[in-house]
1. Which of rounded, prolate, oblate describes the stretch 312-405, given a ≥ b ≥ c as roots of the alpha-carbon gyration tensor eigenvalues and a/c under 1.5 marking rounded, otherwise prolate only if a/b is larger than b/c?
2. Given a 1.4 angstrom probe, I'd like the percentage of the accessible area of the chain that is carbon and sulfur, rounded to a whole number.
3. Going through the stretch 341-385, which trypsin sites (Lys or Arg not before Pro) have at most 15 other Cβ atoms within 10 Å and a DSSP loop state?
4. For the chain, calculate the relative contact order in percent as a whole number, restricting contacts to Cα pairs under 8 Å that are 6 or more residues apart.
5. Can you give the calculated 222 nm mean residue ellipticity of the chain, where each DSSP H run of n ≥ 4 adds -39,500 (n - 2.57) and the sum is split over every residue, rounded to the nearest 500 deg cm²/dmol?
6. Pick out, from 311, 324, 354, the residue whose Cα sits farthest towards the positive end of the charge dipole of the stretch 262-370, with +1 on the Cβ of Lys and Arg and -1 on the Cβ of Asp and Glu.
7. Could you tell me how far the Cα centroid of the stretch 352-424 sits from the Cα centroid of the stretch 114-149, in Å?
8. Once the other residues with Cβ under 13 Å from the Cβ of residue 144 are scored (Lys, Arg +1; Asp, Glu -1), what is the net sum?
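The values are calculated or read from the model by the stated rules, or taken from the named source; none is laboratory data. Values in this document were obtained by computation on a predicted structure and should not be read as measured data. Heads up, the Cβs are rebuilt from the backbone with ideal geometry, glycines too, and the neighbour counts pull from every protein chain shown. Just so you know, the surface numbers come from the protein's heavy atoms only, side chains and all, with ligands and any DNA or RNA stripped out. Shrake-Rupley method; radii C 1.70, N 1.55, O 1.52, S 1.80 Å.
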Amino acid sequence: PRIFGLSNSHLSTAAEPSWKHRNPPRVPNLIGGSFVDSQSAEFIDVINPATQEVVSQLPLTTDEEFKAAVSAAKQAFPSWRNTPITTRQRIMLKLQELIRRDMDKLAINITTEQGKTLKDAQGDVFRGLEVVEHVCGMASLQMGEYVPNVSNGIDTYSLREPLGVCAGICPFNFPAMIPLWMFPVAVTCGNTFILKPSEKDPGASIILAELAKEAGLPDGVLNIVHGTNDIVNAICDDDDVRAISFVGSNTAGMHIYARAAAKGKRVQSNMGAKNHGVVMPDANMDATLNSLVAAGFGAAGQRCMALSTVVFVGSSKPWENKLVECAKVLKVSAGTDPGADLGPVISKQAKERICRFIQSGVESGAKLLLDGRNIVVPGYEQGNFIGPTILSNVTPDMECYKEEIFGPVLLCLQADSLEDAINIVNKNKYGNGASIFTTSGVVARKFQTEIEAGQVGINVPIPVPLPFFSFTGSKASFAGDLNFYGKAGVQFYTQIKTVTQQWKDVPGGSGVSLAMPTSQ
Ligand code: NAD
């Protein structure tokens, strides 16, 4: 998107239309409970990737506005942390109801700004909604521990207390799910929050914040700011921000991890991926092909758990032929087209990058079994479309294999044995997910034990755990030690306090001992 200045935008007057009534609308900041026009002179166009239409304009939130957001969050913290947990839970109970009510509105916004199909956009919202449902039971999740009589008349117990102001930095590919991985967990634990949506598709975050307000979330508990590198750096550097949740690329994630850690913050950083599907000769052919096509090309490959790489154990030829047959009938169109299987990729730059990887694969000896680069979608000629693309004879030294492509491109490798296949997967730097397709329990068990990936699928192509577990990427796909949502998510957004209490009649005259106290 182009960044440009609006010369007089800082001279906002009462007569000027608010963010909602401008054409195109401006994306507001949310500060202390009010959705407000930014005073920034710099904006980025939010672009519909199927049409290139400007959907809205996103301000680069000014430093002053950022400080006001942090200050609002800081001010809201003392009373929010002391709000009964049951009240906090009930707000989430209401929020999940409102998200269901406005599911279609959220989905159409996601399709318009991000490009994915409407059905997939509903899935995006639904997987986030499940986190909201889960945090409705926060009282049990946040419970402490108690050991009575650790010494005579002395008990120790632990409390999980909120941290204070926390922040979340989001990627473009799940505009609803990822903000919902973050703020519901953080605020239900008693923290206040600064959310920085992706500059490419901020709309769903704004709708979710409106719903949170309607559900009764007090002013200042959730705030939203916008921008790119500068605002992210401001979040990393701010002394009042205690913890940062990040989801996105490795370049940004490792930068944020280092910069925020230097300021003593907690960071959980979910990053890039190269997820492998290992197909054994005994796998159920139809079910496996369906899984590979859905997980390889769904959302145009723009999922961090997309199955972008297949390793066929034994002869790959019959599999590849059938894979091409299944993939070439997929319908590529705007996400609003009810028949569409996959929509456009996020930007022209993303399309160029993906095409470069395909070309580099071909040049380094891979065989292009299906080429989606030159697709034209009638009625959407300007869209950033790439059709399903399949490269075979791929080897681990190729650029297209080493880097995350993040597009509708499936790479096919071949291995002589299960051991070979496991070796290939384990040598890859990423460790988000890996799946095996087999009818043998023995094979599946060996795979589960030896594979170095955080999320393992057995005949399941996208093994993203529901919120009672956590999202457990590993190796270069994750930095930090407390994962998103589930028990680890609650631990991330809380700190432990232990209390040791003594309630007993202490006889007088027993004297003073300066020795280290030990259990009696
Ligand atoms: P991105 O890293 O470009 O952007 C993510 C966020 O970081 C945005 O809010 C952006 O404004 C900010 N940002 C980008 N570059 C920055 C920099 N140099 N300094 C500071 N901030 C910066 O990622 P994206 O393209 O929006 O998302 C795609 C990536 O996200 C893929 O790599 C994908 O695998 C990953 N992803 C991972 C998971 C996961 O759970 N592991 C989930 C979704 C997406």
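1. Judged from the Cα gyration tensor, the stretch 312-405 comes out oblate (a/c at least 1.5, b/c at or above a/b).
2. With neighbouring chains kept in place, the figure for the chain is 54 percent.
3. Within the stretch 341-385, the qualifying trypsin sites (Lys or Arg not before Pro) (loop, at most 15 other Cβ atoms within 10 Å) are 373.
4. 17 percent
5. Values: 16 runs with 188 residues, N = 520.
Mean residue ellipticity, 222 nm, calculated: -11000 deg cm²/dmol.
6. After comparing all options, I get 354.
7. What the calculation gives is 34 Å, centre to centre.
8. Working: positive: 160, 497; negative: 145, 155, 161.
Here the charged neighbours net out to -1.
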